[in-house]
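Below is one structure, written out as structure tokens; the observations come after it.
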Amino acid sequence: MMQKIQRFGAAMFVPVLLFPFAGILVGLTIVFKNPDIMGSLANPNGMWYKFWTVIEEGGWTVFRQIPLLFVIGLPIALAKKAQARACMEAVVSYLTFNYFISAILTIWGDSFGVDFSQEVGGVSGLTMIAGIKTLDTSMIGSILIAGIVVYLHNRYFDKKLPDFLGIFQGSSFVVIISFLVMLPMAFITSFIWPMIQHAIASMQGFLASSGVLGVWLYTFLERILIPTGLHHFIYGPFIYGPAVVESGIAVYWIEHLSEFATSAKSLKELFPAGGFALHGMSKIFGIPGIALAMYKTAKPEKKKMISGLLISATLTSVIAGITEPIEFTFLFIAPLLFVVHALLAATMSAAMYAFGVSGNMGGGLLEILSSNLIPLFPYHSHTYIIQLMIGLIFMGIYFFVFRYLILKLDIATPGREVEENEEVKLYSKAEYKAMKEKNKSGNAYIDQANAYLEALGGAENIVDVTNCATRLRVTVKDPSKIASDSVFKAAKAHGVVRNGKAIQIIVGLSVPQVREQFESILHQKNEKIGQ
């Protein structure tokens, strides 16, 4: 079950990876249309304003089509075969599901407690999906339907039918079964979802008023669960779902950014739910403090060697919001440091929220600047100055706490290895020879994929493979066949998470390309095995 949950969580990253660029784009257009920043250029009747309005509309594509993106994105990661066809099946089934709901509520809306004559949006609980007026099940509905269709696809896509029914094989057969499943699903949703909407509406007020403690607990869970891959299920409903505000914090914040940018009220007063989106602060202030502590505690002769690693990893965290390269350098050798990191991250977010900071700050510096700081600074400069001061204070706390623990507990962080050639000694002759044999293609992604496949015990030991933003997630048949961590690190992995048969290889931002080559090589080897 843990393997399946982790695989599902990783699949959610496929569409989520589109959000940063879209957020940056929309944030920049709002900046360019803000008269307080652009002056007379931001005249609504001028060509400058009209041009950026056109660009802004294109930028809204991802945010306005979130359900469809999840319906398409999940099969890409979850389907075990014919992923492109699985995407088509999921879209058709999802549209069928919504057409059923639309018809049900048009006829029996009153019986389900829904006034289907209302306009979509607002507090109606209704929305438009591909031109279909339906219940607003948001990301949750799309994920549920996509999950059902992927299950049916994996089970029935290869089903052999009698020759006279051959035209209904493959995708047609999956869609037929899905059609039959979508009808009861639509009735169940029409009955249950309005009650859930009412409960969510009540919960929004509760969570928004839960104050500093709620923000602390949310941020702590979001960090501490990263090694398990379950952190997606903490922040997902808040950032991209309706846990605290309709349509999620990411969309709500962008939609109301113009309003926030011209109000003198505090950000916390304008958008109290934004406290649940401050987890990016540890990426900007915490990670540099950790990196500096690692550098300062490294052996003098190794400082120059590890400085490149630490600088690139820190910039990745600060600018792009990807923290794994730093976090996974100490997670495996000292889990206590990761717990301390989660505690400090939660305390920093809670402290900022207590002093009035709010917004959508779960990503890196570029995203935060474009959709928070730049458009809102004229009216909220004092809040951001306070935020910067708190962040710098915590950067110092991170540095001193990590430096103390590394030295006190004698933790072998990078640059503090006991032996100069300790990592080389971890390689067996067979492992080293295998690595050398696999790195001959001239293509870095192919070389990594080959090395990882060999280190995982070969094609015959692989059950399935997927990825999230930085990790290649693999389920193996026999964990005992997996090579030592040093073999993976020699192939440029940042680390390995082992949880029984569920293995996570920390690759970095190039993991989609590595996974593509991994699957291609795996397919070729499986064909040879089949022969």
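The values are calculated or read from the model by the stated rules, or taken from the named source; none is laboratory data. All figures in this text were calculated on a predicted structure; none of them were measured in a lab. Backbone-built Cβ (ideal geometry, glycine too); neighbour counts: all protein chains shown. Each accessible area value is taken on the protein alone, full model and side chains, heavy atoms only, with ligands, DNA and RNA left out. Shrake-Rupley method; radii C 1.70, N 1.55, O 1.52, S 1.80 Å.
Can you pull out every residue in the stretch 284-315 that is touching a residue at least 60 places away in the same chain (Cβ under 8 Å), over 23 Å from the mean Cα position of the chain (by Cα) and either surrounded by fewer than 23 Cβ atoms within 10 Å (Cβ to Cβ) or farther than 22 Å from G396 by Cβ (or both)? Result: L292, Y295, K296, T297, A298, K299, K302, K303, M305, I306, L309.
From the list G73, G58, which one is part of a helix (DSSP H, G or I), of a type outside the set (D, E), open to solvent by less than 40 Å² (accessible area, probe 1.4 Å) and under 26 Å from V245 (Cα atoms)?
G73
State which residue is most open to solvent (accessible area, probe 1.4 Å) when the search covers only the stretch 373-386 and only residues that are touching a residue at least 40 places away in the same chain (Cβ under 8 Å) and out of contact with any Asp or Glu (no Cβ under 7 Å at 6 or more places or on another chain).
Across the stretch 373-386, the extreme among qualifying residues is Y379.
Counting residues in the stretch 317-332 that are at pLDDT 90 or above, of a type outside the set (G, A, S), over 30 Å from Y252 (Cβ atoms) and surrounded by 17 or more Cβ atoms within 10 Å (Cβ to Cβ) gives zero. For beta carbons closer than 7 Å, sequence separation of 6+ or different chains, a first residue in the stretch 61-81 that is aliphatic (A, V, I, L, M) and a second that is assigned to a loop (DSSP other than H, G, I, E, B) and surrounded by 22 or more Cβ atoms within 10 Å (Cβ to Cβ), the qualifying pairs are I66/Y240. Checking every residue in the stretch 21-41 against the condition of being farther than 19 Å from Y379 by Cβ, open to solvent by less than 30 Å² (accessible area, probe 1.4 Å) and modelled with pLDDT under 75 gives at least one match.
Please tell me if L336 is of a type outside the set (G, A, S), open to solvent by 30 Å² or more (accessible area, probe 1.4 Å), in a helix (DSSP H, G or I) and modelled with pLDDT of 95 or more.
Considered against the rule, which asks whether it is of a type outside the set (G, A, S), open to solvent by 30 Å² or more (accessible area, probe 1.4 Å), in a helix (DSSP H, G or I) and modelled with pLDDT of 95 or more, L336 comes out as no.
Answer yes if at least one residue in the stretch 355-368 is open to solvent by 20 Å² or more (accessible area, probe 1.4 Å), of a type in the set (V, I, T), in a helix (DSSP H, G or I) and in contact (Cβ under 8 Å) with a residue 12 or more places away in the chain, and no otherwise. Checking the stretch 355-368: not a single residue is open to solvent by 20 Å² or more (accessible area, probe 1.4 Å), of a type in the set (V, I, T), in a helix (DSSP H, G or I) and in contact (Cβ under 8 Å) with a residue 12 or more places away in the chain. Among the residues of the stretch 240-253, not a single one is of a type in the set (D, E) and either open to solvent by less than 20 Å² (accessible area, probe 1.4 Å) or modelled with pLDDT of 80 or more (or both). In the stretch 485-508, is there at least one residue being in contact (Cβ under 8 Å) with a residue 12 or more places away in the chain, in a loop (DSSP other than H, G, I, E, B), touching a Phe, Trp or Tyr at 6+ places or on another chain (Cβ under 9 Å) and of a type in the set (S, T, N, Q)? No, because not a single residue in the stretch 485-508 is in contact (Cβ under 8 Å) with a residue 12 or more places away in the chain, in a loop (DSSP other than H, G, I, E, B), touching a Phe, Trp or Tyr at 6+ places or on another chain (Cβ under 9 Å) and of a type in the set (S, T, N, Q).
For the stretch 267-320, the helices (runs of 4 or more DSSP H) that sit wholly inside it and include 3 or more residues that are within 18 Å of G359 (Cβ to Cβ) are 267-270.
Annotation for the stretch 133-142: at least one member residue is at pLDDT 90 or above and open to solvent by 20 Å² or more (accessible area, probe 1.4 Å). Selection within the stretch 473-486: residues that are surrounded by 15 or more Cβ atoms within 10 Å (Cβ to Cβ) and modelled with pLDDT of 85 or more. The member of this set that is nearest to V511 (Cα to Cα) is R473.
Here is a yes/no grid of residues against (1) modelled with pLDDT of 95 or more; (2) part of a helix (DSSP H, G or I); (3) of a type in the set (V, I, T):
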{"residue": "R85", "(1), (2), (3)": "no, yes, no"}
{"residue": "S111", "(1), (2), (3)": "no, yes, no"}
{"residue": "S124", "(1), (2), (3)": "no, no, no"}
{"residue": "L144", "(1), (2), (3)": "no, yes, no"}
{"residue": "A186", "(1), (2), (3)": "yes, yes, no"}
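Here R85 fulfils each of the conditions (1) closer than 26 Å to H523 by Cβ; (2) surrounded by fewer than 16 Cβ atoms within 10 Å (Cβ to Cβ) apart from (2).
The set of residues in the stretch 88-115 that are open to solvent by 10 Å² or more (accessible area, probe 1.4 Å), in contact with a Ser or Thr (Cβ under 7 Å, 6 or more places away or on another chain) and farther than 18 Å from M128 by Cβ comprises M88, F112.
Scoring V474 on the criteria (1) at positive phi; (2) in a strand (DSSP E or B) leaves a single failure, condition (1).
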